[in-house]
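First comes the structure, then the notes that go with it.
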Amino acid sequence: MTSDAVRRVQSGVPWEETFGFARAVAAGDRVLVAGTTAFRGDVLYGEGDPYEQAKVAFTSAIEAIGEFGLGVDSVIRTRMYLSHARDVDAVGRAHKELFDSVRPVATLLIVQGFIDSRVLVSVELEACRG
């Protein structure tokens, strides 16, 4: 794959510059979005609310694939990382509201924590072009 076949999109969260990553990368027929939390810029939305954080994070991820002309109907995989098992139902409810019509494969994992202790949820998604 040539380098011009890969396109990257930034979202403006501070860690993209600090750690050298992109919000979304399109390569071939796939668009990958990772490391998406409820931060928009340097503002955390839904502090203390896992449902709200999941909605904001997934909405940001969907907006990122929108940069490639894709929408929720192109999502084929999601991953949800939670810092607390108690938040599974709230995050699952947010996922269902956004993805019930397309039913991507999904993974939900409980992790030890995130770079900012106020973050309760981080999400990833994969979309297919074509």
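Derivation of every value follows stated rules applied to the coordinates shown; laboratory data play no part. In this text, all values refer to a predicted model and were calculated from it rather than measured experimentally. FYI the Cβ positions are ideal-geometry reconstructions off the backbone, even for glycines, and counts take in every protein chain you see.
In the chain, taking the dipole from charged Cβ atoms about the Cα centre, the farthest positive-side position among 70, 83, 107 is held by 107.
Rounded to the nearest 10 degrees, the angle from helix 88-99 to the longest Cα principal axis of the chain is 30 degrees.
Over all directions, the projected convex hull of the C-alpha atoms in the range 3-128 averages 7.3 nm² in area. Ranked by how many other Cβ atoms sit within 10 Å of their own Cβ, fewest first, the residues 75, 111, 121, 56 fall in the order 111, 56, 75, 121. Per residue of the chain, the DSSP helices (runs of n ≥ 4 H) give a summed -39500 (n - 2.57) that works out to -8500 deg cm²/dmol at 222 nm. Taking Cα atoms only, the orientation of helix 50-66 departs from the longest principal axis of the chain by about 10 degrees.
Ordered by the number of other Cβ atoms lying within 10 Å of each residue's own Cβ, fewest first, 58, 114 fall into the sequence 114, 58. Charges were assigned to the Cβ only: +1 to each Lys and Arg, -1 to each Asp and Glu. The resulting dipole of the chain about its Cα centre is roughly 300 debye.
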